[in-house]
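Asks: Shown below is the structure under consideration.
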Amino acid sequence: MTSLWLRESAPFAPAATLPARSDVVVVGGGIAGVSVALHLARRGIGVTLLERSVLAAGASGRNDGQLLLGLGEHYHRIHGQFGAARARVLWQFLADNHAALRAALAAERVDCELEQRGGLRLAETTHEWRELQTAAQLLAAEGRPHELVAEADLPRWLPGARGFHGALFLPGEAIVQPVAMVRGLAAAAARAGARIVEQAPVQRIDGDAGAFAVQLADGRLTTGTMVVHCTSVLARDLDPSGGLQRMVFPFRGQVIATDPLPDAIAAQFPPYAMSSNFCYEYFRRHGRRFVLGGMRWSVPGEELGLIDDSLHNPEITANLREYAREHFPALDGIAFPHVWTGIMAGTPDGLPLVGALPGAPGAFVLGAFNGYGLSFAFLAGRCLAEMIVDGKSDHPAAAMFAPRRFDA
Ligand SMILES: Cc1cc2nc3c(=O)[nH]c(=O)nc-3n(C[C@H](O)[C@H](O)[C@H](O)COP(=O)(O)OP(=O)(O)OC[C@H]3O[C@@H](n4cnc5c(N)ncnc54)[C@H](O)[C@@H]3O)c2cc1C
């Protein structure tokens, strides 16, 4: 069971062979690993990226491809959780991420079907509509681009929908084909000098700063001065300090998709990044397909703790189909033959881990994006490369993501 994006994307090329040693060994070939490898290579660092399968085989190739602003949360909730000053820094980080990512995709000529048409946060209830209005007031006060869309105006924005109570439009949001994006950035990293090695499952990492021995499951060995853990929640045991085990937990998301729809139906869904119910449900169009994810809250356990992306939950599939039937009349009776899942990594405060692993000299982590890695990881990779090369990152948000915040 794999995603449409993985099934339909060209494989990564060119393949590199495993070198005997590198300045930095990056483990994990999702958006996080690829981003830090690209930024390190651009700084002239000898970097090798090891991916156990193919690039973007994990969550980076199984998501909904939305570049979002604000952790998926409505903005006043971010203010509530982090305080006004940190909320502004966080929002700015995401806006900066999208600008840096767009610039890199253009400069490197990565064709990943980027649609910079904005995002629509839809209100599932009148309560959520009031929350969206509160969020809009804060965005207005801070001069951040947005537009409130009243229920009566929704048919102009999203002709195919019913049962929403209004929406908040954020022009800074976008959609991409995520596998094409990750592999395109990986090709850029390879051009900058990074060695990207697929089918390289890391089994064990010994040593510390200056002399890491990285053992592969097939017996191959390589060494590095530093290592960066970019395996999300999939290989926490590779960190002998136990820090990743303590800080990161897994949860599983699920997506269903149609085959290409008749033009008249597909045209009802403009290419926005779209979500409702506080971003728990998310959907978009890809070509003439409709792609819909979420509903993990609707089953016992909310898919927390699951790390198997070869299975899906039929109850979630049924609930997603019911959501589609309820909100998009034209999809009633349309088959959703594609279903897949992906494993995400969460942290207790909802923020990612970017920086040195406490108690593990020479080891770094980039990951745990709490379900919003496409929206964070490109700039976060640059920040981590700055920390490795310069000893610090000047981005004001970097301190919020330091793993040492959990080191009580
Ligand atoms: C259903 C779903 C919908 C989502 N929608 C969105 C969205 O619309 N927008 C958004 O911003 N985010 C979204 N996300 C979240 C986003 O996909 C993730 O946050 C992001 O992809 C995480 O990237 P990563 O590189 O940290 O991890 P991953 O992409 O999981 O990469 C980790 C890599 O490590 C490799 N690996 C594991 N163990 C080893 C080992 N021992 N040796 C070598 N390699 C190893 C894996 O094969 C994998 O390729 C969604 C996620 C899911 C599952």
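Computed from the coordinates by the stated procedures, all read-outs in this text should not be read as laboratory data. Just so it is clear, the model here is predicted, and its values are computed rather than measured. FYI the Cβ positions are ideal-geometry reconstructions off the backbone, even for glycines, and counts take in every protein chain you see.
Asks: Once you charge only the Cβ atoms, +1 for Lys and Arg and -1 for Asp and Glu, what is the size of the charge dipole of region 122-270 about its Cα centre, to the nearest 20 debye?
Replies: On the way: 12 positive and 16 negative charges, 90 e Å.
Rounded to the nearest 20 debye, it is 440 debye.
Asks: On alpha carbon coordinates alone, what is the Rg over Rh value for region 58-129, Rh being the Kirkwood radius? Before the final figure, lay out each step's value.
Replies: On the way: Rg = 14.7 Å, Rh = 14.3 Å.
Computed over Cα atoms, the ratio is 1.03.
Asks: Please compute the net charge surrounding Asp394, taking Lys and Arg as +1 and Asp and Glu as -1 over other residues with Cβ under 13 Å from its Cβ. Walk me through the numbers on the way to the answer.
Replies: Values: positive: Arg382, Lys392; negative: Asp96, Glu386, Asp390.
Value of the local net charge: -1.
Asks: In whole Hz, what ³J(HN,Hα) sequence does region 289-296 give by Karplus (6.51, -1.76, 1.60; θ = phi - 60°), x for Gly and Pro?
Replies: 8, 10, 10, 9, x, x, 6, 5
Asks: Any idea what log10 I(q)/I(0) is at q = 0.28 Å⁻¹ for region 317-378, Debye with uniform C-alpha scatterers and no solvent?
Replies: Cα-only, vacuum Debye calculation for region 317-378: -1.09.
Asks: Subtracting the Cα-Cα distance from 0.36 nm times the residue separation, let me have the gained length for Ala103 to Ala209 in nm, one decimal. Show your work: numbers first, answer last.
Replies: Numbers: separation 106, 0.36 × 106 = 38.16 nm, distance 3.35 nm.
Gain on extension, Ala103 to Ala209, equals 34.8 nm.
Asks: Let me ask something else about it. Kindly express, to the nearest 10 degrees and within the range 0 to 90, the angle between helix 126-141's C-alpha long axis and the longest C-alpha principal axis of the chain.
Replies: 60 degrees
Asks: Compute the angle between helix 31-42 and the longest alpha-carbon principal axis of the chain, please, reported from 0 to 90 degrees and rounded to the nearest 10.
Replies: Orientation of helix 31-42: about 50 degrees from the principal axis.
Asks: Then there's this: Assuming a viscosity of 1.567 mPa s and a temperature of 4 °C, what translational diffusion coefficient in µm² per second does Stokes-Einstein assign to the chain, Rh being the Kirkwood radius over Cα pairs?
Replies: Working: Rh = 21.5 Å.
It comes out at roughly 60 µm²/s.
Asks: Taking amide H atoms as placed 1.01 Å from N in the peptide plane, list the residues 5 or more away in sequence, or in a different chain, whose amide H sits under 5 Å from that of Arg21.
Replies: Amide H neighbours of Arg21: Thr223.
Asks: If you take every DSSP beta bridge fully contained in the chain, what fraction is antiparallel? Give it as a percent rounded to 5. Mind dumping the intermediate values first?
Replies: Details: 46 of 66 bridges.
If we restrict to bridges inside the chain, about 70 percent are antiparallel.
Asks: For a bin width of 10 Å, list the pair-distance distribution of region 276-318 built from all Cα-Cα distances, rounded to whole %.
Replies: 24, 49, 25, 2
Asks: Now for a different question. Can you give the charge dipole size of the chain about its Cα centre, rounded to the nearest 20 debye, using +1 on the beta carbon of Lys and Arg and -1 on the beta carbon of Asp and Glu?
Replies: Numbers: 36 positive and 40 negative charges, 142 e Å.
The dipole magnitude comes to about 680 debye.
Asks: Still on this structure, I have one more. Send over the per residue convex hull volume for region 108-238, Cα only, as a whole number of Å³.
Replies: Values: hull volume 27.7 nm³, N = 131.
Here the figure is 211 Å³ per residue.
Asks: For a quick protection proxy, order the peptides 210-218, 162-170 by their average other-Cβ count within 10 Å, most packed first.
Replies: Details: 210-218: 15.0, 162-170: 19.9.
Ranked from most to least packed, the peptides come out as 162-170, 210-218.
Asks: Determine the sum of side-chain charges near Ala180: Lys and Arg each +1, Asp and Glu each -1, restricted to other residues whose C-beta is under 11 angstrom from that of Ala180. Each step should come with its number before you reach the end.
Replies: Numbers: positive: Arg183; negative: Glu8, Asp111, Glu113.
Surrounding charge for Ala180 is -2.
Asks: Can you give the angle from 0 to 90° between the axis of helix 314-327 and the longest principal axis of the chain, with both taken from C-alpha atoms, to the nearest 10?
Replies: Result, in degrees: 40.
Asks: Hey, another quick one. Work out from phi, with θ = phi - 60° and the Karplus expression 6.51 cos²θ - 1.76 cosθ + 1.60, the ³J(HN,Hα) of each residue of region 338-347, listed in order in whole Hz, and give x for Gly and Pro.
Replies: After applying 6.51 cos²θ - 1.76 cosθ + 1.60, I find 10, 9, 8, 10, x, 9, 10, 10, x, 10 Hz.
Asks: Could you go through region 63-70 in sequence order and give the Karplus-derived ³J(HN,Hα) for each residue, using 6.51 cos²θ - 1.76 cosθ + 1.60 with θ = phi - 60°, rounded to whole Hz, and x for Gly and Pro?
Replies: Whole-Hz 3J(HN,Hα) from phi for region 63-70: 9, 9, x, 9, 9, 9, 10, x.
Asks: If you keep only loop residues by DSSP, which trypsin sites (Lys or Arg not before Pro) in region 92-134 have at most 15 other Cβ atoms within 10 Å of their Cβ? Show your work: numbers first, answer last.
Replies: Working: sites: Arg102, Arg109, Arg117, Arg121, Arg130; in loops: Arg109, Arg117.
Sparse-neighbourhood loop trypsin sites (Lys or Arg not before Pro): Arg109, Arg117.
Asks: Same structure again: May I ask for the net charge around His327, where only other residues with Cβ less than 10 Å from the Cβ of His327 are counted and Lys, Arg are +1 while Asp, Glu are -1? Don't jump to the answer; show the numbers that get you there.
Replies: On the way: positive: Arg162, Arg325; negative: Glu124, Glu281, Glu322, Glu326.
Spelling it out: positives minus negatives among the neighbours equals -2.
Asks: Towards the positive end of the charge dipole of the chain, with charges on Cβ (+1 Lys, Arg; -1 Asp, Glu), say which of Pro300, Ala335, Gly44 has the farthest Cα.
Replies: Value: Gly44.
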